[in-house]
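Notes to accompany the following structure.
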């Protein structure tokens, strides 16, 4: 005789009594499809513990990941874009910026903050791809320039975390001017004998790649990141040939001498802290 016997066949739980798992409890890796508890996902710095896929994250996540005790002071948090060209495509530029600000809670495509990493002073400018593709406009150039000024003033190291589709077409020449502006400011940082670390994430393309993203005292990248001036589709259509496997990934760029090394995100803070100590030794 069995310990338990079913009096009625089948399960007849009413729909109203069924319990669903809370939303946001699990994360499914888009690469290997492994289901990961969100707590574990955060513990691994938003990377997959199965296949090492690096989820795209924003400035807030990087600040909390890198600064000691997740404590930092944001610089110029209210700076936003103007519209000197009165640009209009499918909608007015001012309307596009306003809608993106409401949708993302961001003022523009970059945020700058200062704090410490392993007790060492550091200023970080981190880009947000969700704000018009992380495009480089006058606000990005100005906030990075002011971040460099703060680094020089406080004798801190400076870091840019790039995640951008390139120049912001709605600002035309004003956007392109930021390439020279930031590069010139980095020259002042070098004269002050302070280190600049460039961290390239997926994607880093266009004018950002063609200027300050490649000017670091140390150029490092996340695994599998797209790093290019023109993207692979444009290159393929231009030359009319198939591209090699892994073309323009961070591994490809490292192999061809444009990067110093690749760092997985869970090891980023300790690697940065060690690098800064070596600069100061």
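Bear in mind these aren't lab numbers, they're just calculated from the coordinates by the rules spelled out. Only a predicted model underlies this, so the values are computations on that prediction, with no experimental measurement involved. Cβ: placed from backbone, ideal geometry, glycine included. Neighbour counts: every protein chain shown.
Here are a few things to note about the model shown:
- In Å, descending, principal axis extents of the Cα set of the chain: 87, 52, 45
- Rough spin-label spacing in nm, given labels placed 7 Å along Cα→Cβ, for residue 101 and residue 215: 2.8
- Rounded to the nearest 0.05, the FRET efficiency derived from the C-beta distance between residue 251 and residue 42 at R0 = 35 Å is 0.85.
- The chain: calculated mean residue ellipticity at 222 nm from DSSP helix runs of at least 4, using -39500 (n - 2.57): -10000 deg cm²/dmol
- Residue-span extension gain [residue 86 to residue 169] - 0.36 nm each, minus C-alpha spacing: 28.6 nm
- Projected label distance in nm at residue 60 and residue 237, using a 7 Å step from Cα toward the beta-carbon: 3.5
- When each of the peptides 28-35, 136-143 is scored by the mean number of other C-beta atoms lying within 10 Å of its residues, the order from highest to lowest reads 136-143, 28-35.
- Contact order relative to length of the stretch 57-280, as percent, for alpha carbon pairs under 8 angstrom and 6 or more apart: 15
- Normalised by residue number, the volume inside the convex hull of the Cα atoms of the stretch 78-213 is 104 Å³ per residue.
- Principal-axis tilt of helix 93-104 within the chain, Cα atoms, nearest 10 degrees: 40
- In terms of packing, defined here as the mean over residues of other Cβ atoms within 10 angstrom, the peptides 72-79, 210-217 line up highest first as 210-217, 72-79.
- Gyration tensor (alpha-carbon) shape descriptor, the stretch 128-281, a/c threshold 1.5: oblate
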